[in-house]
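Take a look at the structure set out below.
The values are calculated or read from the model by the stated rules, or taken from the named source; none is laboratory data. Note that the coordinates shown come from a computational prediction; the quantities given were computed from them, not determined experimentally. Note that we place each Cβ from the backbone using ideal geometry, even for glycine, and neighbour counts take in every protein chain shown.
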Amino acid sequence: MTEDNILLEPGSLWNKLVEQTQYARQCGALHSIETEYQFIEHNGISFLVRSLSNLARKEKAKKKQKQTNQDFNPFLPYEPDLFVTDISSTHLCLLNKFNVVDNHLLIVTRDFEEQENRLNLADFLALWLCIQEIDGLAFYNGGKIAGASQRHKHLQLVPLPFIAEKCYLPIEPVIATAEFNDSIGKIPQFPFHHAIALLSVTQSDSPIDIAQGMLACYDSLLQAVSLDLDSNSLVQPGAYNMLVTREWMLIVPRSQESFSSIAINSLGFAGSLFVRDREQIKLLEELTPMNILSKVAFPEK
């Protein structure tokens, strides 16, 4: 892979995202889901809890898709009205059709690859090309148990802050407390198995060099949480969530998709949780957010 694989014009992504979002709303291709939100304080984190008042619309649409075609793939072919831009020879950007967060980007492989496949250099190149343009939180739901709703490999990027003037990134305060042994760290407030590493990026690094460094970091984190792969296998040995910013990468292995009817994806480990209604909010308050995250992960060793 070389610089020739890069198709994204530097400095263009944000404007293209904003323009396509406006167009997709006007033509009806984008189905934004309205939410109400509140904060639940626990273990030094102000968990952002969104109540998905229109979640039924999303679930109805997905159910219809499955009934129509069991092998339906929304990314192949993708809806032209959701297309944002080409990133590289292997990846492109789409809008999240059922977005809860504004300007939610999907970083999708052009050809079909399984979501449970190992991430590779091309994935990290596409990810970095986007995250260097948009200061945000990137994440990957590695398998159905980790919250993936589509089989076609895709990473996701949501801009920061999560809520202007109120919430930048809920777990930011505890990221600062991470304790490192060599390059791999642990966050004392996280009672579940995880690993975090800082990314070392300088302005003189090329996108390819940065992507190679991110891939090496990813491999080290997988090994640290006992998810290291056979070099001859494309498929990951277990489900996990991955969070990435310009500064760090975090991986959390997953044991189950949900707990007490509350589903968790990568954003849960960033401190952003989604519930259906007031009953689930009450349940979340009773069980506590950190306890629910622990139940869908593994105990810290």
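In the stretch 23-46, the residues that are within 16 Å of residue 105 (Cβ to Cβ) form Cβ pairs under 9 Å with partners that are among the small types (Gly, Ala, Ser) and modelled with pLDDT of 95 or more, at six or more places apart or across chains, as follows: 23/29; 30/24. Which number in (1) of a type in the set (A, V, I, L, M); (2) farther than 14 Å from residue 142 by Cα; (3) at pLDDT 95 or above marks the one condition that residue 101 misses? Every listed condition holds for residue 101 apart from (3). Within the stretch 15-49, if we keep just the residues that are small (Gly, Ala, Ser) and outside any helix (DSSP H, G or I), the residue that is nearest to residue 94 (Cα to Cα) turns out to be 29.
For residue 251, the criteria (1) part of a helix (DSSP H, G or I); (2) buried (at least 20 other Cβ atoms within 10 Å of the Cβ); (3) of a type in the set (A, V, I, L, M) hold in every case but one, which is (1). A Cβ distance below 7 Å, combined with a sequence gap of six or more or placement on separate chains, defines the contacts here; from the stretch 115-143, residues that are free of Cβ contacts under 8 Å to residues at least 40 places away in the same chain reach residues that are of a type in the set (Ser, Thr, Tyr) and not in a loop (DSSP other than H, G, I, E, B) in the pairs 126/88.
For the stretch 147-186, the set of residues classified as touching a residue at least 60 places away in the same chain (Cβ under 8 Å) and either of a type in the set (Phe, Trp, Tyr) or touching a helix residue (DSSP H, G or I) at 6+ places or on another chain (Cβ under 6 Å) (or both) consists of 162 only. Can residue 187 be described as surrounded by 15 or more Cβ atoms within 10 Å (Cβ to Cβ), over 29 Å from residue 300 (Cα atoms), aliphatic (A, V, I, L, M) and at pLDDT 95 or above? No; evaluated as a whole, the condition is false for this residue. The residue list 280, 212, 256 contains one member that is at pLDDT 95 or above and farther than 30 Å from residue 3 by Cβ, which is 256.
Of everything in the stretch 260-277 that is at pLDDT 95 or above and of a type outside the set (A, V, I, L, M, F, W, C), the residue that is farthest from residue 161 (Cα to Cα) is 265.
Inclusion of residue 103 among residues that are of a type outside the set (A, V, I, L, M) and closer than 10 Å to residue 153 by Cβ is not warranted. Close contacts from the stretch 218-235, counting a first residue that is more than 17 Å from residue 180 (Cβ to Cβ) and in a loop (DSSP other than H, G, I, E, B) and a second that is at pLDDT 80 or above and small (Gly, Ala, Ser), with Cβ to Cβ under 6 Å and a gap of 6+ residues or different chains, come to 227/238. Restricting the stretch 75-127 to residues that are assigned to a loop (DSSP other than H, G, I, E, B) and among the hydrophobic types (A, V, I, L, M, F, W, C) leaves a set whose member that is surrounded by the most Cβ atoms within 10 Å (Cβ to Cβ) is 87.
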